Amino acid sequence: MKKAITALVSLLLAAGLSACWGEPEVVGPKSKDDPIAPKPEQPKPDLERPPQPGKGGPKPTGDTEAGASFFAPGTGAPADHKPIGPEDRAELAQVYLSFAEDPEGFIGRVNKVAPDRQQRLAGYLLCAASRLQAAGNPDRAGAPVQIELPVEARELMRYEGAPDKARTMFLRQLGGEFLIVGRSIQSISEGDTETVEQILSRQQQNLEMMKLAGPEEFAEWSATIRRVFPILFARLIPEC
């Protein structure tokens, strides 16, 4: 059961990334030890070993120009973004869970958040995304970025191979997820939902595939992320 749940959690992280047609490129060289996942022969995911983002995951099925412009230069965290407080972090956890579990209701959930808070939440996620991706690529040029993860985050990692490699893979996946959700919130706050709707449609498809693991496994996965994500947002990267 534990193996199935950690696989489902990994698939959640990959789902958001593949929704944007591949993992956003990280500046700097990647480790020579990065695993190369086999390309799936069938669209149905292997729930025991889900595809890694950007390495054998779903390919573009529509206009990639929308995806490219969505992450064009200048779409990162605003230079003047304001720090978020405990209430913002609690709200962000619920918005993030909506993206994960209820993508069809995500836009409506974001629109319930006050405009100034939307800006803070998006700024936090985009700021944290770059730090997570840098920490997940320790061989990149420049000073290393250290990230202190709550111990509960281990429940979201796949326990295969060296623990350090599992951790760096998780940081890269989470950084890509933060980028997608943060940019989606930013886009919704600006009144532009066209690309967000494409992302959410893909996320819904991935969610349906995750349910193939069975009702008990899916229910335990849901309980896991509902328990862990609020802790993750409450403690992660306070300087953002």
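Laboratory data are not the source of any read-out in this text; all were calculated from the coordinates shown. Keep in mind the model is a prediction, meaning the values are calculated, not measured. Cβ atoms come from the backbone with ideal geometry, glycine included; neighbour counts cover every protein chain shown.
When you filter the GluC sites (Glu not before Pro) in region 144-203 for DSSP loop state and at most 11 other Cβ atoms inside 10 Å of their Cβ, you are left with GLU148, GLU190. Charge tally for GLU152 (other residues, Cβ to Cβ under 11 Å; Lys, Arg +1; Asp, Glu -1): +2. A cut-off under 11 angstrom between Cβ atoms defines the neighbours of SER187, and their net charge, with Lys, Arg +1 and Asp, Glu -1, is -3. Among the chymotrypsin sites (Phe, Trp or Tyr not before Pro) in region 139-240, those placed in a DSSP loop whose Cβ has at most 12 other Cβ atoms within 10 Å are TYR159. Cα centroids of region 179-240 and region 83-148: 10 Å apart.
Note on GLU216 and GLU194: their simple-model spin labels are 4.8 nm apart, each label 7 Å out from Cα toward Cβ. The amide H of LEU236, built 1.01 Å from its N in the peptide plane, has no neighbour under 5 Å, considering only residues 5 or more places off or on other chains. With a Förster radius of 25 Å applied to the beta-carbon distance between SER201 and ARG226, the computed FRET efficiency rounds to 0.60.
So if the hydrodynamic radius of region 169-240 is defined as the Kirkwood radius over C-alpha pairs, what does Stokes-Einstein give as its diffusion coefficient at 10 °C and 1.306 mPa s, in µm² per second?
111 µm²/s
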